[in-house]
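Worksheet: the structure to be examined is printed underneath.
Just so it is clear, none of the values below were taken in a lab; they were calculated from the coordinates. Everything numeric in this text was worked out from a predicted model, so none of it was measured. Note: ideal-geometry Cβ built from the backbone for every residue, glycine included; neighbour counts use all protein chains shown.
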Amino acid sequence: MFRLKIFAVLVVAFGVMQPLEILADESEVRLRSIEDVSINDLIEGTQFMTDDPDRVTMAWWLPDEFWAVSLAEDAATTEEGAAEIIDLVSRYTLVIYVDGEFGPLGGVTFVSPEQLRRGARLQGVDGEEVSPLAEADVSPDMMLLVGSMRPIIANMLGAFGQNMSFVVFPREDSKGQIIADATAAGEFTMKLGETVFPVKTPLPSLLAGKRCGTCEREYQGDYQYCPYDRAALQYGASE
Ligand SMILES: [Zn+2]
């Protein structure tokens, strides 16, 4: 339900464009073209919630490809405009957090945005923990973009949306390693206090589909073997 609402927000906020070249040079993984990526699948693969019955805790990573797909569907956005936005967001790692505790009747007491920021960390593949950037270290354009997204989502989602916090992290850790790359093989972790959400990349929603040469079944691109006959899968589903 929540995801569908978010999707509706984005369709309103953005909407279709040319394929972008941010998904280039991959040899090992075969990527879909941007216009074949399902925004629903992309959101589902980047939005994580705890199964704790007493809390509602969410971390939602917005990778560059999220913007590329959203903007590619937006008739009102020019190719140049989309490229500028993607250039902007690609300098950062953007995660939306929300955290709250259910009361006995189901009312939620939300954690404040300041407190959310204090508990938010990313951990890259080399194990280094990265803190959110101070507001002064985020470009005014990025603050503007984040600020323009916030009320759109908040209006649609009521209390839940109003208690979301957009947290801007650096693109790279102190060693210059990209923390979260949606198209490269790797893993990173979104943390909020003691709560951890590991994310494996490349995101399956960005991969081309695969096919089993034995039984002809088709699979998501992150499958290696056919679960029915164990044949090694090849890229090339009929989509
Ligand atoms: Zn098979």
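Over all directions, average the projected area of the Cα convex hull of the chain and note it in nm². Walk me through the numbers on the way to the answer.
Values: hull surface 57.6 nm².
Projected over every direction and averaged, the Cα hull of the chain covers 14.4 nm².
Kindly state, to the nearest 0.05, the FRET efficiency for D54 paired with Q162, given R0 = 30 Å and r defined as their beta-carbon distance. Kindly include the intermediate steps, with their values, before the conclusion.
Numbers: r = 21 Å, r/R0 = 0.70.
E between D54 and Q162, to the nearest 0.05, is 0.90.
So what's the back-of-envelope 222 nm ellipticity for the chain, counting only DSSP H runs of four-plus at -39500 (n - 2.57) apiece and dividing by all residues, rounded to 500?
Working: 6 runs with 68 residues, N = 239.
Calculated from helices alone, the mean residue ellipticity at 222 nm is -8500 deg cm²/dmol.
Would you mind computing Rg(Cα) / (2.2 N^0.38 Å) for region 84-126, counting N as its residues? Spell out each step's value before the answer.
Numbers: Rg = 15.2 Å, N = 43, 2.2 N^0.38 = 9.2 Å.
So region 84-126 has a normalised radius of gyration of 1.66.
Using the crude model of +1 on Lys and Arg Cβ and -1 on Asp and Glu Cβ, and no other charge, please compute the dipole size for the chain relative to its Cα centre, in debye to 20.
Values: 18 positive and 38 negative charges, 122 e Å.
Dipole about the Cα centre, nearest 20: 580 debye.
Say each of E128 and S148 gets a label point 7 Å from the Cα, pointing the same way as Cα to Cβ; how far apart are those two points in nm?
3.2 nm
State the dimensionless ratio Rg/Rh of region 109-239 (Rg: radius of gyration of Cα atoms; Rh: Kirkwood radius).
On the way: Rg = 19.4 Å, Rh = 17.6 Å.
Dividing the radius of gyration by the Kirkwood radius yields 1.10.
Would you mind checking region 44-83 for residues with the amide N under 16 Å from a putative spin-label position 7 Å along Cα→C-beta of Q220?
Flagged as within label range: 44-49, 61.
Restricting to lysines 8 or more places apart or on different chains, can you count the pairs in the chain with Cα atoms under 27 Å from each other? Numbers along the way, then the final one.
On the way: K5/K191; K5/K200; K175/K191; K175/K200; K191/K200; K200/K210.
Lysine pairs satisfying the spacing and distance rule in the chain number 6.
Along the charge dipole of region 46-116, Cβ charges K/R +1 and D/E -1, which of G81, M49, V95 sits furthest on the positive end?
M49
Within region 26-66, what residues put their amide N at less than 16 Å from the label point 7 Å along the Cα-to-Cβ vector of V108?
Residues 47-61 qualify, since their backbone N sits under 16 Å from the label point.
Explain nothing, just the number: dipole magnitude of region 82-153 about its Cα centre with +1 on each Lys and Arg Cβ and -1 on each Asp and Glu Cβ, in debye rounded to the nearest 20.
Working: 5 positive and 11 negative charges, 48 e Å.
Roughly 220 debye for region 82-153.
Once the piece of chain linking L88 and V196 is laid out straight, how much longer is it, given 0.36 nm per residue of separation minus the C-alpha distance between them? If you can, show how the numbers build up before the last one.
Numbers: separation 108, 0.36 × 108 = 38.88 nm, distance 2.70 nm.
Residue separation times 0.36 nm, minus the Cα-Cα distance, leaves 36.2 nm.
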